[in-house]
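Colleague: Let me begin by handing over the structure; questions about it come next.
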Amino acid sequence: MLNKILLSTIFGLSIIPANAQWNGPKKKPTETKEIKYGSITPKHRTDASMEAFRNYGLGQFIHWGVYAIPGNEWNGVSAKGGAAASEWIRSWSGKTAPKDWTKIYDNLYKQFDPKSFNANAWAKQAKDMGAKYMIFTTKHHDGFALWPTKYSDYNITKTPYKKDIVKEVVDAYTEAGIDVYLYFSVLEWNNPDYMYKAPQTEEEKKKYNRFLQYTRNQLLELLDNYPQIKGLWFDGTWDQAWIQSYDFTYNLEKELRDKHPGLIIGSRFRNDEFGSRHFDSNGDLLGDYEQGWERKLPAKYEWLDGNDWDAVMTIPPNGWGYMKDWSGIYTKTSDDLIELLMKSVSMNGNFVLNFGPDGLGKMHSGEDKIAKEIGEWMKINSEAVYGVRHANLDESKYGYFTQKEDNLYLTVFNRPVNNIIRIAIDKKTTEIPVSASIIGHQKVLEVKHSDIGFDLDKNTYYDILLPKDYNSNKAFVIKMKMGKSVDKTEKLMDAKM
Ligand code: H79
């Protein structure tokens, strides 16, 4: 905090950059400011690209770069505890770090030759898992570009592999019917023009301006090279130099959008002139969707204020790039991940699961297993995931509701011991569950109106009876048809107290 105050004072701006809250309802600003560099796009875009984004449900993230070669270890020594995450291994420090590690890392590209890489095989796996979009790392914090960029030598053409990996990925996924978004880290650890603190001297300003132009050039290049992409997923945009470049980033966002109609950009790209990130100083979303749900989910739908969002999630606790050794850490199971998926879509969010292929281009065997298990589940249950919206019902302790037209879905994770699923319906609504079934199971389920008669209860209840002989060791989906009540149950009089 002190740092931030100091920085703000140094730059002659009496501001303390506000950071977005991801752990509770949004704090509303108490006063309205005049903002010049606020949101460019409407609050809720309704164009076809944005509607497609809303319908994805499940996505895949892929982190790939030279960090895949070490896979979070070097010569049998683990970077665990010495580096923040596997894709951060370049910053390995402390007792366990190999001698001259940064130098070793910065030369790894000379060995990058992923002989087993097959973009079509990745795309097939993603499709079989049920992913509708994917996000691919074109360049992570180390600055290594997986496409033949004209603007830096540290790129794929200088490796033994040589070929344009971004092109292979974009083409294969697009061909498979999966929309592609490009991940782009603004932060670059080993670019001499990169700056963390805002430039002060003329020389520093010149230097950082070169970095800004370089960033712009690379982004325009990506849009030129891969016109099929649907969006850009930004990262590494939290340093003061970038934050103070709000004029530049505002114009750049406009330029990118003009060049690529329909382009989707999340809230992490830029901030307003008061240093507010993700949301401007008046609390309005910057960009098209909330992009702060990284390894976390909102606990309540209300926290989202109706915004679009995605959640990006790792299988290990933290580690986006390849991690050879999954022992001694908790890796999320397909049950964990399916629950996070349903929790996300029940709150109008997309769930994006990360994969970190190895240095040869093969997925971790643990990831193969997860993709297969999720895919098997999705094959049966995906209608509760794609194109659904938040259902306006009280939260259920059995699982998560999603809704599409007159279909209400309840994905059950907690099966009650009495096999009665009780659905609370607002007495004022006319739409009630008129029939129910389990997706992938033939039997029609009995639905009973159970007016339990609580005083002052806003709800009435519908009981869905699960067949005792129906067994499942995975979450299952109850699909209900919503319609007008046919039986006119008499209204009980509430005593006036
Ligand atoms: O690519 C994966 C990670 O490597 C990357 N994002 C995902 C998708 C990532 N980089 N950094 N982080 C995640 C976390 C960084 C947190 C911090 Fe900060 C950066 C702590 C201090 C500087 C942002 C700014 C959070 C607090 C201040």
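Colleague: Taking the condition of being open to solvent by less than 80 Å² (accessible area, probe 1.4 Å), assigned to a loop (DSSP other than H, G, I, E, B) and closer than 30 Å to W147 by Cα, how many residues in segment 40-75 meet it?
Modeller: Within segment 40-75, residues that are open to solvent by less than 80 Å² (accessible area, probe 1.4 Å), assigned to a loop (DSSP other than H, G, I, E, B) and closer than 30 Å to W147 by Cα number 12.
Colleague: Just to be sure before I move on: is K132 surrounded by fewer than 17 Cβ atoms within 10 Å (Cβ to Cβ), more than 16 Å from the ligand (Cβ to nearest atom), among the basic types (K, R) and farther than 18 Å from F184 by Cβ in the structure I sent?
Modeller: Answer is no for this residue.
Colleague: So, in segment 426-483, of the ones that are open to solvent by less than 50 Å² (accessible area, probe 1.4 Å) and among the charged types (D, E, K, R), which residue ends up farthest from N381 (Cα to Cα)?
Modeller: Per the criteria, the residue is D457.
Colleague: Note down all Cβ pairs under 7 Å where the first residue falls in segment 310-323 and is more than 9 Å from G356 (Cβ to Cβ) and within 12 Å of the ligand (Cβ to nearest atom), the second is of a type in the set (D, E) and open to solvent by 10 Å² or more (accessible area, probe 1.4 Å), and they're at least six residues apart or on different chains.
Modeller: Partner pairs satisfying both residue conditions: V312/E294.
Colleague: Check V345, V352 and return the single one that is in a strand (DSSP E or B) and among the aliphatic types (A, V, I, L, M).
Modeller: V352
Colleague: Considering only segment 169-217, state which residues are aromatic (F, W, Y) and either more than 16 Å from the ligand (Cβ to nearest atom) or modelled with pLDDT under 95 (or both).
Modeller: Y173, Y208, F211, Y214
Colleague: Within 22 Å of H260 (Cβ to Cβ), of a type outside the set (K, R) and open to solvent by less than 70 Å² (accessible area, probe 1.4 Å) - does that describe any residue in segment 193-211?
Modeller: Looking for residues that are within 22 Å of H260 (Cβ to Cβ), of a type outside the set (K, R) and open to solvent by less than 70 Å² (accessible area, probe 1.4 Å), one finds none in segment 193-211, hence no.
Colleague: Show the residue pairs that are 6+ apart or on different chains and have beta-carbon atoms under 6 Å apart, the first residue being within segment 182-199 and more than 21 Å from G65 (Cα to Cα), the second being at pLDDT 95 or above and more than 14 Å from the ligand (Cβ to nearest atom).
Modeller: Note: pairs meeting the criteria are D193/K207; D193/R210; D193/F211; M195/Y208; A198/Q244; P199/K205; P199/Y208.
Colleague: Residues in segment 82-107 that are out of contact with any Phe, Trp or Tyr (no Cβ under 8 Å at 6 or more places or on another chain) and either away from the ligand (no atom under 16 Å from the Cβ) or charged (D, E, K, R) (or both): how many?
Modeller: Residues flagged as out of contact with any Phe, Trp or Tyr (no Cβ under 8 Å at 6 or more places or on another chain) and either away from the ligand (no atom under 16 Å from the Cβ) or charged (D, E, K, R) (or both) within segment 82-107 amount to 10.
The values are calculated or read from the model by the stated rules, or taken from the named source; none is laboratory data. Quantities reported herein were computed from a predicted structural model and do not represent experimental measurements. Note: ideal-geometry Cβ built from the backbone for every residue, glycine included; neighbour counts use all protein chains shown. All accessible areas refer to the heavy atoms of the entire protein, side chains included, with ligands and DNA or RNA removed. Shrake-Rupley method; radii C 1.70, N 1.55, O 1.52, S 1.80 Å.
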